[in-house]
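One structure is given here, and the rest of the page talks about it.
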Amino acid sequence: METLKKILADEDEVDLTPMIDVTFLLLIYFMVTTMLKQPEAELSSSLPGKAQNSGENVKKPDPVKIKVQDDGSVFLNGSFMDDGLDFTLPETSKNLAVQVQEANKNIANGTFSEKDGKLVVMISATGLSIHQHRISVMNACAGAGVEKISFEF
């Protein structure tokens, strides 16, 4: 009976030293792995400012509109581009290259200024189209030499 009382009277002790060590290790880990500078902050973007109009009406060329359907078919200014299942979109790229050349000729002729004469492509895609189709259109634009791309939602 005496041993039972002795066992019940003993209090268990918990050693907190390992728990404190783990806490400090976690604190050091999170301090080291936390990034104070976000990588997205390095990307530069310029927001449009006020239009500087010198009193004359500036004429700009119409943008080229590309529409991507749910099935991946591409329409350039309302005309169907028959690229088949090729993700490089050779027909679309060829037509865009021709339009880039025409825009560059208009800049060289003085019809449009260097700033306003660049070809602008507006891409619109339905919500159900696969993301790869949109990327393919952007790759076709890059291959044709288009520098200004806009998206319509």
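The values are calculated or read from the model by the stated rules, or taken from the named source; none is laboratory data. Since the structure is predicted, the reported quantities are computational estimates derived from the model, not experimental observations. Note that we place each Cβ from the backbone using ideal geometry, even for glycine, and neighbour counts take in every protein chain shown.
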(request) Give me the pairs, please: first residue somewhere in segment 1-12 and free of Cβ contacts under 8 Å to residues at least 12 places away in the same chain and assigned to a loop (DSSP other than H, G, I, E, B), second residue anywhere and surrounded by 10 or more Cβ atoms within 10 Å (Cβ to Cβ) and not acidic (D, E), beta-carbon distance under 9 Å, and either six or more positions apart or on two chains. (result) none
(request) Please specify each residue of segment 120-146 satisfying the condition of being at pLDDT 85 or above and part of a loop (DSSP other than H, G, I, E, B). (result) G145, V146
(request) May I ask you to list the residues in segment 126-140 that are surrounded by 16 or more Cβ atoms within 10 Å (Cβ to Cβ) and more than 15 Å from the chain's Cα centre (by Cα)? (result) S129, A140
(message) Taking the criterion of being closer than 26 Å to D71 by Cβ and at pLDDT 80 or above, would at least one residue in segment 103-111 satisfy it?
(response) no
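For segment 108-119, indicate whether the set of residues that are of a type in the set (G, A, S) and under 21 Å from the mean Cα position of the chain (by Cα) is non-empty.
Here is the first cut: in segment 108-119, the residues of a type in the set (G, A, S) are 108, 110, 113, 117.
Next, from what is left, pick out any that are under 21 Å from the mean Cα position of the chain (by Cα): none.
Within segment 108-119, not a single residue is of a type in the set (G, A, S) and under 21 Å from the mean Cα position of the chain (by Cα).
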(request) Filter segment 66-119 down to residues that are part of a loop (DSSP other than H, G, I, E, B), of a type in the set (A, V, I, L, M) and within 24 Å of F153 (Cα to Cα), then give me how many there are. (result) 2
